[in-house]
Amino acid sequence: MSTRVVRLTPTQATQKLISTIDSMNHPKGTSISLEAPLNAAMAQLNRNRQNPACNQLNAFLNQVSAKQTSGQLTAQQAADLRQQATAIQSAIGCSNIAMAASPSGLPLPMH
């Protein structure tokens with residue numbers, strides 16, 4: 001039996017990331033602050049504006065780091081969200097992926 005690999009578009013992957021956040025059952029304010037940059041990224045992707053979408057994904061990664069630092073996200077939740085967001089950035093071709101947070105939750109320097 002063969003396995004069929006389904007490739008998501010960046011917009012579909014961003015929607016899946018929002019669904020992941022929703023499934024974590026955080027307080028509404030936490031979910032809204034995490035989802036706002038993702039909704040903005042999808043709006044940019046729908047206009048074929050990759051650079052602004054990349055910037056919104058970086059804003060999302062900053063939110064993830066802040067929520068982890070404040071204890072609103074567990075290390076595992078933050079790692080899962082980071083992995084999904086950086087995969088979307090790779091699919092878009094973002095040149096600023098280095099701004100993604102490191103596994104420790106601290107921003108990585110740009111080179």
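Of the residues making up segment 52-74, those that are touching a residue at least 24 places away in the same chain (Cβ under 8 Å) and part of a helix (DSSP H, G or I) number 14.
Inspection of segment 31-49 finds no residue satisfying the criterion of being β-branched (Val, Ile, Thr), modelled with pLDDT of 95 or more and surrounded by 17 or more Cβ atoms within 10 Å (Cβ to Cβ).
So which residues in segment 27-39 are among the polar types (S, T, N, Q) and either under 13 Å from residue 10 (Cβ atoms) or touching a residue at least 12 places away in the same chain (Cβ under 8 Å) (or both)? 30, 33, 39, listed by residue number.
Here's the yes/no breakdown for (1) under 16 Å from residue 36 (Cα atoms); (2) at pLDDT 95 or above; (3) touching a Cys at 6+ places or on another chain (Cβ under 8 Å):
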| position | (1), (2), (3) |
| --- | --- |
| 66 | yes, yes, no |
| 73 | no, yes, no |
| 83 | no, yes, no |
| 93 | no, no, no |
| 102 | no, no, no |
| 105 | no, no, no |
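The single condition from (1) in a helix (DSSP H, G or I); (2) free of Cβ contacts under 8 Å to residues at least 12 places away in the same chain that residue 42 fails is (2).
The values are calculated or read from the model by the stated rules, or taken from the named source; none is laboratory data. Quick caveat, the model's predicted, so the values are computed rather than measured. Virtual Cβ from ideal backbone geometry, glycine too; neighbours counted across all protein chains shown.
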